[in-house]
1. It is to be established whether one or more residues within segment 117-134 are more than 30 Å from Gly319 (Cβ to Cβ), open to solvent by 60 Å² or more (accessible area, probe 1.4 Å), of a type in the set (S, T, N, Q) and over 27 Å from the mean Cα position of the chain (by Cα).
2. Please indicate, with yes or no, whether at least one residue in segment 47-59 is touching a Pro at 6+ places or on another chain (Cβ under 6 Å), within 24 Å of Gly207 (Cβ to Cβ) and either open to solvent by 70 Å² or more (accessible area, probe 1.4 Å) or free of Cβ contacts under 8 Å to residues at least 24 places away in the same chain (or both).
3. Considering each of Thr94, Thr109, Thr89 in turn, give the residue that is among the β-branched types (Val, Ile, Thr) and assigned to a loop (DSSP other than H, G, I, E, B).
4. Here's a check for you: in segment 1-22, which residue that is among the hydrophobic types (A, V, I, L, M, F, W, C) and more than 24 Å from Val139 (Cβ to Cβ) is surrounded by the fewest Cβ atoms within 10 Å (Cβ to Cβ)?
5. For segment 332-348, what are the residues that are farther than 18 Å from Asn375 by Cβ and in contact with a Lys or Arg (Cβ under 6 Å, 6 or more places away or on another chain)?
6. Taking Ser113 as the residue in question, decide whether it is buried (at least 17 other Cβ atoms within 10 Å of the Cβ) and either in the same structural domain as Gly203 (by the TED database) or within 30 Å of Ala479 (Cα to Cα) (or both).
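The values are calculated or read from the model by the stated rules, or taken from the named source; none is laboratory data. All values derive from a computational prediction rather than experimental measurement. Here Cβ is always computed from backbone atoms with ideal geometry, including for glycine, and neighbour counts include all displayed protein chains. Just the protein is used for accessible areas: all its heavy atoms, side chains included, with ligands, DNA and RNA removed. Shrake-Rupley method; radii C 1.70, N 1.55, O 1.52, S 1.80 Å.
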Amino acid sequence: MDDRHELYIGGKWVPSVGGGTIDVLEAATGTVFARVPSGTEQDVDDAVAAARAAFGSWSESPIEERVSVLRQIADGLVARETELAETMTREVGTPIARSRSVQVGLGVTIFRSMADILENTTLEERRGTSLILKVGVGVVGAITPWNYPLYQLAAKVAPAIAAGCTTVVKPSSVAPLAAFAVAEIVESIGLTPGVFNVVTGPGGRVGERLAGHPDVDLVSLTGSTAAGARVGQVAAAGIKKVTLELGGKSAFVVAPDADVDAALSAAVRGCYVNNGQTCTATTRLLVPLDRLDYVEEKLAQLVGSQKVGDPLDESTDIGPMASAEQRQSVLRYLSEVPAEAKFVVGGPGEVANLPDDLRSGFYVRPTVVSRIDNNSSIAREEVFGPVLAVLAYDGIDDAVAIANDSDYGLSGAVFAGDDDAAIAIARRLRTGQVSINGGRFNASAPFGGMKKSGIGRELGPEGLDEYFEKISLQLRTEAN
């Protein structure tokens, strides 16, 4: 049992004012394996006050010091890789190999890449008779989700530290433990007290107070579209900056000239990563109508052979959902699939052959649903589970129209006969990033969405820019 009794505020471990606790459940078994404080509005106020008090000195800290801090945090995470990977596997259900490479590895990459970016960022620029300054926006309220607890924290905290901002982190109650590990690391390296603070607790209490707090200058949230709308509404009353990374229902377009087998292998990877609990998951597979039968046959083999089981087992491909609520949500979508649709593999029902100790875990069968149109809920709404919707198209113009007919625009993929052909299709898609013929995620490129998928960008120089304000100093000239 990892029993946490204190929050990290102002460089100290302090008990929550309220004294309540939140149980953290192991996704594979449904049993309690950790507890964290259930913070209050007063805890948020204390953390924001600590962050505000630290901002003056931290915003004036040398670039070299900020770079060093970012790299020391990355090193601290690497030293705890095994522990952190296992923890997030237990919280989220991520298969352990993926937990090491993505849950931990991507978080490390973000801290290191932001240090590199900062070293190459010009904070003062002379433009004609003006001197333009980039200064930290102030106190940042970072509200992070449960699906990638460390990576999403890094995507907000790393640029905040780099820009000279201070941060109050409110992690998800489903997966809060990575935030405590980062707090332990920043304490060990002697980071200025108040630069990094952690308050756990319910979103309706802690998250809302953080988003609406008058001394918070920027709110960055990753979460559902509904949560983003609420945070934007609360933050708007204080006229503060907001960045939102929200939902997705991304399309994977298999062009008529594509290598279908290679495309389907990539599509399965793109859909089922982290058990489908990924906002960028390509959960709509668009295929030529004349290849539909072959696609269904191939997907039955690829998805049907995925091993579902204990996420701590190295051989497991797909683990459980992160919570009972998420499992129930996925099963509800599967129960509402139109009668004319075809379950190629999976569907509602219990996962077969689970050992007794996993039967109380939050498992869902990996599923492929075909013979649907783009108006069904399974094709339009973010299921956030191991579910792939297959849609047939008639010509590439029809494929582009289907791909763009979505409330979301976060990610996507195109597989075509060559990169130029794939890029030509990708240019027509209204989405924030597109994988070209299997191209992998780049942590130095801007990440974010269009439409209801969010506001602003994370990662890369563009992500760092979100944490700066720009000041123009108008200089005297001979004519003055």
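1. Yes, that holds for at least one residue.
2. There is no residue in segment 47-59 that is touching a Pro at 6+ places or on another chain (Cβ under 6 Å), within 24 Å of Gly207 (Cβ to Cβ) and either open to solvent by 70 Å² or more (accessible area, probe 1.4 Å) or free of Cβ contacts under 8 Å to residues at least 24 places away in the same chain (or both).
3. Thr94
4. Met1
5. The answer is Gly346, and nothing else.
6. yes
Residues checked against (1) over 22 Å from Glu469 (Cβ atoms); (2) at pLDDT 95 or above; (3) surrounded by fewer than 23 Cβ atoms within 10 Å (Cβ to Cβ):
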| residue | (1), (2), (3) |
| --- | --- |
| Ser224 | yes, no, yes |
| Ala236 | no, no, yes |
| Leu244 | no, yes, no |
| Lys249 | yes, yes, no |
| Val273 | yes, yes, yes |
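Quick grid of which residues meet (1) surrounded by fewer than 20 Cβ atoms within 10 Å (Cβ to Cβ); (2) in contact (Cβ under 8 Å) with a residue 40 or more places away in the chain:
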| site | (1), (2) |
| --- | --- |
| Glu187 | yes, yes |
| Gly190 | yes, no |
| Gly207 | no, yes |
| Leu210 | no, yes |
| His213 | no, yes |
| Lys240 | no, no |
